[in-house]
Amino acid sequence: MCGIVAVTARREVSEILLEGLRRLEYRGYDSSGMALIDNEKRLLLHKQLGKVAELEKAQAMSPHYGCVGIAHTRWATHGKPSAANAHPHTSSDRIALVHNGIIENHASLRKQLAEQGYVFYSQTDTEVIVHLLHSKLEQGLSLSDALRETVAQLEGAYALAAVDKESPDEVVAARAGSPLVVGVGIGENFLASDQLALRQVTDRFIFLEEGDLVRMTAMTLEIWDQSGNVVERPRRDVAEAVESVDLGQFEHYMLKEIYEQPKALADTFKIADETELSDERFGAEAAAVFDQVKSVQIVACGTSFHAGLVARYWLEELAGIPCEVEVASEFRYRKRAPQPGTLLVTVSQSGETADSLAALRGQKDGEFIASLVIANVDHSSLVRESDLVFLTRAGAEVGVASTKAFTTQLVAFLMLTLLLGRRHGMSEQDQDKITDALHALPSHVEQTLALDASIKKLSEHFIQKQHALFLGRGIQYPIAMEGALKLKEISYIHAEAYPAGELKHGPLALVDADMPVVAVAPGDELLEKLKSNLEEVRSRGGELYVFADKKAGFVDEPLLHVLQMPSCPEMLKPVIYTVALQLLAYHVAVQKGTDVDKPRNLAKSVTVE
């Protein structure tokens, strides 16, 4: 999950590269680097361990300038984070290359290249590519032809960009399995992993297709498809205003994004001028597809997987539609028994999640009646390749730990439940309940945010803890999973979630005074059973932290800390309790002094397997 930026222009481009990396730092921040070709045809390089700010310091102390360049921010796959393993990688002080992805046959290629005399200075799979490219150039090929022959030998996923000081005016690039977008300027062209990196310089984009290869200079742009044919890809004008990424009054982006949820949820549900939710929100062909749906298969990863687990409860209980949910990295490799009339739903904040994209691409002919993606980024790969699309309106999410992207996914699923339920006998009264609840949701989230100070005080109990257990029953079990994930992501406290009824089947052995137990306890039909499960914890000296509906009857007692949650419609409780657990994780992380927005070892958009 690395970020790539490249520019070829008639002006100096180092600051464009740096700004692009700042905007792509969510994709990785173990190390960064950039390579420029100056007016004397010299290849100039900066590589730094750490975040992009370290690269900025290096550039300030020893400036490199040029009109052609490539840059990269890394999330380590092959080789530990280090300056030596940082990109760009070079060969013979002639070419430089940046790469996002994983080359699966790098070991055999490395052996071949070593036998040819190439010396390797890093532990990365990427260095194999740059030496292989150089070997093709030594045969007299042009830079674009050399790249074409190079990628033909690669197995795995890649997005590549390269420069050659012997061809000082051009950048070449290729993609297979990892995203690349071209930004079209006036007398300059750009390339990046994400259009966000280029919004400060252009609003015209070309989204490269699988297998595309591109050559660009300041004035020209050529694209070849995977068969080697010259092609014209559509240019898209992105008219949306560039969103502010200022922190404003907030200390961290994560907290800012938690507080942006009422607006994001309202924007996602907004019905425009219609009196009721329309099928067209999911695409022009949605009505015809929804008429055929007999079951739903949800495929996702991480936080989005938890959203799918919540959706299963809604789809089966409210709409009466069978639903299966599976982690994408398992789904794509499992032999499946197709069910007639099944809709495939992929869920991804970025729309570029590698395993979810592979699951979509790997479906067998006739296995699903159609594919639907729920994503937050327009023009992303999953959006372009799915039959139906629902775009959440969360806005830019900078913090690596997903907050508003997750809750807007839940809104999307509740809307899908309503539309499919209309076709499966859902009463008008129940339809109205869902619609009314969605309208009221932002207000209920505001009430939850008002508990911030109380949650912050509760978080102080976790600062010295090394482990935590999260419990939930029914639809709140996936919310317990999401709460545990948030805590482990940003505070580095080991946290696990279990259905409360599973306590006595193993996890109870872990409970002691040093293991805080967080329980999600809305006042539903499983409340009494949950209370019994929690007593099992207290009787063994465990300390409980219960997020409970006001009507649930919990009060503070020895070893029992209660956060009274606002009452709301039953179907909204997964969202409300998620927001409270987000705040808990945030405050624990802040008090432990971790990097809340950029936690160690993680990146936001997982574009490698």
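Whenever a residue of the stretch 282-310 is of a type in the set (Ser, Thr, Tyr), its partners that are surrounded by fewer than 20 Cβ atoms within 10 Å (Cβ to Cβ), lying with C-beta atoms within less than 7 angstrom and at least six residues away or across chains, give the pairs SER295/PRO322; SER295/GLN339; SER295/GLY341.
To keep it simple, each residue is scored yes or no on (1) touching a His at 6+ places or on another chain (Cβ under 8 Å); (2) modelled with pLDDT under 90; (3) crowded, with 17+ Cβ neighbours inside 10 Å.
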{"site": "GLY20", "(1), (2), (3)": "no, no, yes"}
{"site": "ARG27", "(1), (2), (3)": "no, yes, yes"}
{"site": "LEU36", "(1), (2), (3)": "yes, no, yes"}
{"site": "GLU40", "(1), (2), (3)": "no, no, no"}
{"site": "LEU44", "(1), (2), (3)": "yes, no, yes"}
{"site": "ALA53", "(1), (2), (3)": "no, no, no"}
{"site": "CYS67", "(1), (2), (3)": "no, no, yes"}
{"site": "HIS78", "(1), (2), (3)": "yes, yes, no"}
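Only residues that are touching a residue at least 60 places away in the same chain (Cβ under 8 Å) and surrounded by fewer than 24 Cβ atoms within 10 Å (Cβ to Cβ) were counted in the stretch 98-148, giving 4.
Is one or more of the residues making up the stretch 81-89 touching a helix residue (DSSP H, G or I) at 6+ places or on another chain (Cβ under 9 Å), at pLDDT 95 or above, assigned by TED's automatic domain parsing to the domain that holds HIS131 and buried (at least 17 other Cβ atoms within 10 Å of the Cβ)? Yes; the residues of the stretch 81-89 include at least one that is touching a helix residue (DSSP H, G or I) at 6+ places or on another chain (Cβ under 9 Å), at pLDDT 95 or above, assigned by TED's automatic domain parsing to the domain that holds HIS131 and buried (at least 17 other Cβ atoms within 10 Å of the Cβ).
Going by what's in this entry, would TYR477 be described as touching a residue at least 60 places away in the same chain (Cβ under 8 Å), closer than 29 Å to ILE321 by Cα and under 27 Å from the mean Cα position of the chain (by Cα)? I'd like the intermediate steps shown before the answer.
Numbers: touching a residue at least 60 places away in the same chain (Cβ under 8 Å): yes; closer than 29 Å to ILE321 by Cα: yes; under 27 Å from the mean Cα position of the chain (by Cα): yes.
It is true that TYR477 is touching a residue at least 60 places away in the same chain (Cβ under 8 Å), closer than 29 Å to ILE321 by Cα and under 27 Å from the mean Cα position of the chain (by Cα).
Residues of the stretch 1-22 that are within 22 Å of the chain's Cα centre (by Cα) and either in a loop (DSSP other than H, G, I, E, B) or among the aromatic types (Phe, Trp, Tyr) (or both): MET1, CYS2. The listed residues are GLU138, GLU104, and the only one of them that is among the acidic types (Asp, Glu), farther than 30 Å from LEU602 by Cα and outside the structural domain of LEU602 (by TED's automatic domain parsing) turns out to be GLU138.
May I ask you to verify whether ALA76 is over 24 Å from ARG199 (Cα atoms) and among the small types (Gly, Ala, Ser)? Yes, satisfied.
Here are ALA480, ALA453: which of them is among the small types (Gly, Ala, Ser) and closer than 26 Å to LEU416 by Cα?
Values: ALA453 fails: closer than 26 Å to LEU416 by Cα.
Being among the small types (Gly, Ala, Ser) and closer than 26 Å to LEU416 by Cα holds for just one of ALA480, ALA453, which is ALA480.
Taking the conditions exactly as written (without any contact (Cβ under 8 Å) to a residue 40 or more places away in the chain and either under 25 Å from VAL52 (Cβ atoms) or assigned by TED's automatic domain parsing to the domain that holds SER381 (or both)), does ASP225 satisfy them or not? So ASP225 does not fit the description; no.
Quick check on my filter: what residues within the stretch 311-326 are within 18 Å of LEU382 (Cβ to Cβ) and either surrounded by 19 or more Cβ atoms within 10 Å (Cβ to Cβ) or without any contact (Cβ under 8 Å) to a residue 24 or more places away in the chain (or both)?
The initial filter retains those residues of the stretch 311-326 that are within 18 Å of LEU382 (Cβ to Cβ), namely 311, 325-326.
Selection gives ALA311, VAL325.
Scanning the stretch 183-222 for residues that are in contact (Cβ under 8 Å) with a residue 60 or more places away in the chain, surrounded by fewer than 18 Cβ atoms within 10 Å (Cβ to Cβ) and assigned to a strand (DSSP E or B) yields one hit, GLU222.
For the stretch 396-413, the criterion of being touching an Asp or Glu at 6+ places or on another chain (Cβ under 9 Å), under 19 Å from ALA288 (Cβ atoms) and not small (Gly, Ala, Ser) is satisfied by no residue at all.
Restrict the check to the stretch 549-562 and report whether at least one residue is within 31 Å of the chain's Cα centre (by Cα) and either buried (at least 21 other Cβ atoms within 10 Å of the Cβ) or small (Gly, Ala, Ser) (or both). Even if it seems obvious, please write down each step before you answer.
Applying the first criterion (within 31 Å of the chain's Cα centre (by Cα)) to the stretch 549-562 yields none.
So far as the stretch 549-562 goes, no, none of its residues is within 31 Å of the chain's Cα centre (by Cα) and either buried (at least 21 other Cβ atoms within 10 Å of the Cβ) or small (Gly, Ala, Ser) (or both).
Quick grid of which residues meet (1) closer than 28 Å to HIS379 by Cβ; (2) at pLDDT below 95; (3) in the same structural domain as GLY33 (by TED's automatic domain parsing); (4) not basic (Lys, Arg):
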| residue | (1), (2), (3), (4) |
| --- | --- |
| ALA146 | no, no, yes, yes |
| GLN153 | no, no, yes, yes |
| ALA157 | yes, yes, yes, yes |
| ALA161 | yes, no, yes, yes |
| VAL172 | yes, no, yes, yes |
| GLY177 | yes, yes, yes, yes |
| VAL182 | yes, no, yes, yes |
| LEU196 | yes, yes, yes, yes |
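On the given criteria, is LEU372 outside any loop (DSSP other than H, G, I, E, B), over 17 Å from the mean Cα position of the chain (by Cα) and not charged (D, E, K, R)? If you could, list the steps in order and put the result at the bottom.
On the way: outside any loop (DSSP other than H, G, I, E, B): yes; over 17 Å from the mean Cα position of the chain (by Cα): yes; not charged (D, E, K, R): yes.
So LEU372 passes the test.
Each row is one residue, and each column tells you yes or no for (1) among the aliphatic types (A, V, I, L, M); (2) within 18 Å of LEU17 (Cα to Cα); (3) in contact with a helix residue (DSSP H, G or I) (Cβ under 9 Å, 6 or more places away or on another chain).
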| site | (1), (2), (3) |
| --- | --- |
| LEU141 | yes, no, yes |
| VAL172 | yes, yes, yes |
| GLY183 | no, yes, yes |
| ILE186 | yes, yes, no |
| ASP194 | no, yes, yes |
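A single member of GLY421, GLY395 is surrounded by fewer than 22 Cβ atoms within 10 Å (Cβ to Cβ), assigned to a helix (DSSP H, G or I) and out of contact with any strand residue (DSSP E or B) (no Cβ under 6 Å at 6 or more places or on another chain), and it is GLY421. In the set (1) in a helix (DSSP H, G or I); (2) free of Cβ contacts under 8 Å to residues at least 24 places away in the same chain, GLN464 fails one condition alone, (1). Looking only at the stretch 412-451, which residues are out of contact with any helix residue (DSSP H, G or I) (no Cβ under 6 Å at 6 or more places or on another chain), of a type in the set (S, T, N, Q) and at pLDDT 95 or above? Passing the criteria: SER443, GLN447. Looking at this structure, is LYS364 free of Cβ contacts under 8 Å to residues at least 60 places away in the same chain and outside the structural domain of VAL590 (by TED's automatic domain parsing)? Yes.
If you scan the stretch 424-443, which residues turn out to be part of a helix (DSSP H, G or I) and not charged (D, E, K, R)?
Hits for the stretch 424-443 are GLN429, GLN431, ILE434, THR435, ALA437, LEU438, HIS439, ALA440, LEU441, PRO442, SER443.
The values are calculated or read from the model by the stated rules, or taken from the named source; none is laboratory data. Small disclaimer: the values here were computed from a predicted structure and weren't measured. Using ideal geometry, Cβ is built from the backbone for each residue, glycine included, and neighbour counts are taken over all protein chains shown.
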